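Here's the structure we're looking at; comments come further down.
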Amino acid sequence: EIVLTQSPGTLSLSPGDRATLSCRASQSLARSSLAWYQHRPAQAPRLLIYGASNRATGVPDRFSGSGSGADFTLTLSRLEPEDFAVYYCQQYYRSPLTFGGGTKVEI
Amino acid sequence: EVQLLESGGDLIQPGGSLRLSCAASGFTFTSYAMAWGRQAPGKGLEWVSTTSASGLTTNYADSVKGRFTISRDNSKNTLFLQMNSLRADDTGVYYCATYGTRPPAPFDYWGQGTLVTVSS
């Protein structure tokens, strides 16, 4: 099983700040088969990034993904009030599909 | 607009069974693989099961293998999750999600979820 470790567990920031979230895989992910999701309380999770760096449809360009191999980063360039949520990385390279433990971005 | 609407969540005793449904609309259901995921209280997201567009290929997390069965009715654009021998650690919000036209793929769209509580 590929284990994904996200850090930090919590980020305390203010609107307008830059947020950098990390996701490290226990083995290299071929084809950069890594996605990022945003999850607000009582809402459906939302796909933000796929293939490590491709924004999903309708995702603002303040969200960007980077990385390859086993180290990946999600960057939120200027936090908006609606960006305060929990963010998860997920690998879809190999079954079982696995998620990281999440990073909470809070005010 | 893609819509996924889960239903069937309930309070159920340990050892019981439950069948979840997910009604899909706004996309060509028959072209998409589909998935179930869940979130236990206070925990993160967890993959549960996937099925191919035809329904002929299925996969399960080890934690549910042998107890849960994923299926789909392509004539009714509906995904199912039959849950048997339920345990307390199956408690959580269950989400259905699209799993792309050529998996493996990310979960493009998710429903709002349905709550399953396993407790005596």
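When the other protein chains are added to the chain by itself, burial of at least 40 square angstrom of heavy-atom accessible area (probe 1.4 Å, ligands and nucleic acids ignored) affects these residues of the range A:1-46: A:Tyr37, A:His39, A:Ala44, A:Pro45. Give the lysines whose C-alpha is closer than 19 Å to that of A:Lys104, dropping any in the same chain fewer than 8 places away, or say none. Cross-link targets: B:Lys43.
Taking a ≥ b ≥ c as the square roots of the eigenvalues of the Cα gyration tensor, the range A:30-85 is classed as prolate, since a/c reaches at least 1.5 and a/b is larger than b/c. Based on the Stokes-Einstein relation at 4 °C and a viscosity of 1.567 mPa s, and on the Kirkwood radius from alpha carbon pairs, the range A:1-58 is assigned a translational diffusion coefficient of 97 µm²/s. Shape summary: the range B:25-70 maps onto an equivalent ellipsoid whose semi-axes, from the alpha-carbon gyration tensor, are 22, 15, 6 Å in decreasing order. Rolling a 1.4 Å probe over the heavy atoms of the protein chains gives chain B an accessible area of 46 Å² per residue.
Only the Cβ atoms of Lys and Arg (+1) and of Asp and Glu (-1) were treated as charged; on that basis the dipole of the range A:22-107 about its Cα centre amounts to roughly 220 debye. Computed in the context of the full set of protein chains, the accessible area of the range A:1-43 at 1.4 Å probe radius has 47% of its extent on carbon or sulfur. Across the options B:Gly66, A:Gly9, A:Gly102, the greatest Cα extent toward the positive end of the charge dipole of the protein assembly as shown (unit charges at beta carbon of Lys, Arg, Asp, Glu) belongs to B:Gly66. In this entry, the range B:1-115 is assigned a mean projected area of 6.6 nm², taken as a quarter of its C-alpha convex hull surface. When accessible surface is computed with a 1.4 Å probe, chains A and B are found to bury approximately 1500 Å² between them, both chains counted. Surface calculation, 1.4 Å probe, protein heavy atoms: A:Asp61 sits at approximately 120 Å² accessible.
What separates the Cα centres of the range B:68-108 and the range B:1-56 is a distance of 3 Å. Among the trypsin sites (Lys or Arg not before Pro) found in the range A:1-51, those both in a DSSP coil and sparsely packed, with 12 or fewer other Cβ atoms within 10 Å of their Cβ, are A:Arg18. Taking a point 7 Å from the Cα of A:Ser7 along the Cα-to-Cβ direction, the residues of the range A:25-54 with backbone N closer than 12 Å to it are A:25. Note on B:Lys65: aspartates and glutamates with a C-alpha under 20 Å away, same-chain residues under 8 apart excluded, are A:Glu1, B:Glu46, B:Asp89, B:Asp90. Calculation over all alpha carbon pairs of the protein assembly as shown in 5 angstrom steps from 0 returns a P(r) of 1, 7, 15, 19, 19, 17, 12, 7, 3, 1 percent.
The mean number of Cβ atoms from other chains found within 10 Å of a Cβ in peptide B:109-116 is 3, as a whole number.
Taking the average, over residues, of other Cβ atoms within 10 Å as the packing measure, peptides B:64-70, B:31-37, B:11-17 rank B:31-37, B:64-70, B:11-17 from highest down.
Normalised by 2.2 N^0.38 Å, where N counts its residues, the alpha-carbon radius of gyration of chain A equals 0.99.
The values are calculated or read from the model by the stated rules, or taken from the named source; none is laboratory data. Quick caveat, the model's predicted, so the values are computed rather than measured. Quick reminder, even Gly has a Cβ in these numbers, built from the backbone with ideal geometry, and neighbours come from all protein chains shown. Surface areas here come from the heavy atoms of the whole protein model, side chains and all, with no ligands, DNA or RNA. Shrake-Rupley method; radii C 1.70, N 1.55, O 1.52, S 1.80 Å.
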